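Visitor: This is the structure I want to talk about, given as structure tokens.
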Amino acid sequence: MRNSKLLKITLTAAAALTFASFAESSAKADTQADIDAITQKIKDTEKSIKEGQEKLSKLEDLQYQKSMEIDGLKKNIKARKAQLARQARAAQVNNAGSMIDFVSKSKNLSEAISRTFTVATLVHANNQAVAQQKADQEKVAADKAVIDKAAADQAQANKNFNNDLAQLAVQKTQLEVKKANEDEAARKAAQEAEKKAREAAEKVADAKNERDAQNALKDANNAVASVTKSDNNNNNNNNVAAQASTQQTSNTSAAPAAKYGSVVGYALSFQGVPYVYGGTSPSGFDCSGLVQYVFAAFGKQLPRTAGAQKAVCTPISESQLQPGDLVFWGTGHVGIYIGGGNFVHAPTTGDHVKVTSMNYYHPDSYGRVN
């Protein structure tokens, strides 16, 4: 009976040890679920952006077609006017000078009737041509106005999608940072709990009586419980840290809050674009060209060079960095901070736009776009 109880206690301690070993992998499922949800939203938004760009491209093609149609109509209208002028000149037989003279100078009644019919036909053709000309102009103008509005609406929708993508990128970065902190805390807590549970399980195995085994099992269970307690405390600590960070930001007078965090997603969309010295477009960027192009899409015109961009920013400290701030290396290189200790930039010849960690390539100054 005694051996049976000790065996049961030993198996219970072993189960506690197993639970402690696996606590690390399941401690932060909620944060990962949030990351997965944001990732799906990013994919959906990227799909919407792609579809929006395709729609805008088709509308721009239609705008071009309508412009060509307008040019063609102008040529037709010009040709029609020339034809009417030729008809008018043909009607002025023998320098009659006017259509009335043309009819009145008929040699006989038959000729007068014939000339009257000619004049009536010419007047009718003239009125018909003028009416057609006006209808053509109104139709083309109306068609183009509809297409122009649709193109403008689609361009605004694309901009909104890019803003959404930027915000989602910031949220995902924040969640990744949160998860990294949580995983590190959970890993340490689980390791400590596993160590304690293992020691307690060994005591159970070595116990000479049931009371010693029960006490050792209690130690094992406490070790496992510490994982859950540590997990909860870590969440609370994260909330406190977030509140403290918010409070610190609100109390900082060195710089206003970053208002261009939404540029992050748009900047990230250019990953893979080749570095081109002096490049200022998606066909190729240099460092300051990328920054200038990205901010221009959000209505902020920045100077062309890294040094000039640094000069117009409000200097901030590394601890004040927020997504959308700029990071500098002297006056020769600039990147856009995206959060989590990372920035996006166009590095150098032979490279391309990419994300780099500040741990690998650390800036020497920071600035906030006003």
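The values are calculated or read from the model by the stated rules, or taken from the named source; none is laboratory data. The structure presented is a predicted model; accordingly, all values stated were derived computationally and were not measured. Glycine gets a Cβ as well: all are built from the backbone with ideal geometry, and neighbour counts include every protein chain shown. Heavy atoms of the whole protein, side chains included, go into the accessibility calculation; ligands, DNA and RNA do not. Shrake-Rupley method; radii C 1.70, N 1.55, O 1.52, S 1.80 Å.
Visitor: If I ask for residues that are surrounded by 11 or more Cβ atoms within 10 Å (Cβ to Cβ) and either modelled with pLDDT of 80 or more or not in a helix (DSSP H, G or I) (or both), which ones from segment 106-141 would you list?
Guide: Passing the criteria: 106, 139.
Visitor: Also: Can you say whether residue 271 is touching a residue at least 60 places away in the same chain (Cβ under 8 Å), over 18 Å from residue 369 (Cα atoms) and open to solvent by 20 Å² or more (accessible area, probe 1.4 Å), as far as the supplied structure shows?
Guide: It is true that residue 271 is touching a residue at least 60 places away in the same chain (Cβ under 8 Å), over 18 Å from residue 369 (Cα atoms) and open to solvent by 20 Å² or more (accessible area, probe 1.4 Å).
Visitor: Then there's this: Write out, first by first residue and then by second, each pair whose Cβ atoms fall under 7 Å of each other, whose residues are 6+ apart or on separate chains, and whose first residue, in segment 278-306, is surrounded by 14 or more Cβ atoms within 10 Å (Cβ to Cβ) while the second is of a type in the set (Lys, Arg) and outside any helix (DSSP H, G or I).
Guide: These pairs meet every condition: 288/304; 292/304.
Visitor: Starting from residues that are in a loop (DSSP other than H, G, I, E, B) and aliphatic (A, V, I, L, M), keep the ones in segment 311-323 and report whichever is farthest from the chain's Cα centre (by Cα).
Guide: Among those residues, the one meeting the criterion is 312.
Visitor: Can I ask one more? With 241, 254, 225, 258 as the choices, which residue is surrounded by fewer than 17 Cβ atoms within 10 Å (Cβ to Cβ), part of a loop (DSSP other than H, G, I, E, B), at pLDDT below 75 and of a type in the set (A, V, I, L, M, F, W, C)?
Guide: 254
Visitor: Got at least one residue in segment 142-157 being farther than 30 Å from residue 50 by Cβ and at pLDDT 70 or above?
Guide: yes
Visitor: Here is a further query. Collect the residues in segment 312-370 that are among the charged types (D, E, K, R) and under 22 Å from residue 167 (Cα atoms), keeping them in residue-number order.
Guide: 318, 325, 354, 368
Visitor: Look at segment 307-323 and say how many of its residues are within 21 Å of residue 275 (Cα to Cα) and either touching a Gly at 6+ places or on another chain (Cβ under 6 Å) or open to solvent by 50 Å² or more (accessible area, probe 1.4 Å) (or both).
Guide: 1
Visitor: Test residue 54 against the stated conditions and say whether it is at negative phi, of a type in the set (Asp, Glu) and modelled with pLDDT of 80 or more.
Guide: yes
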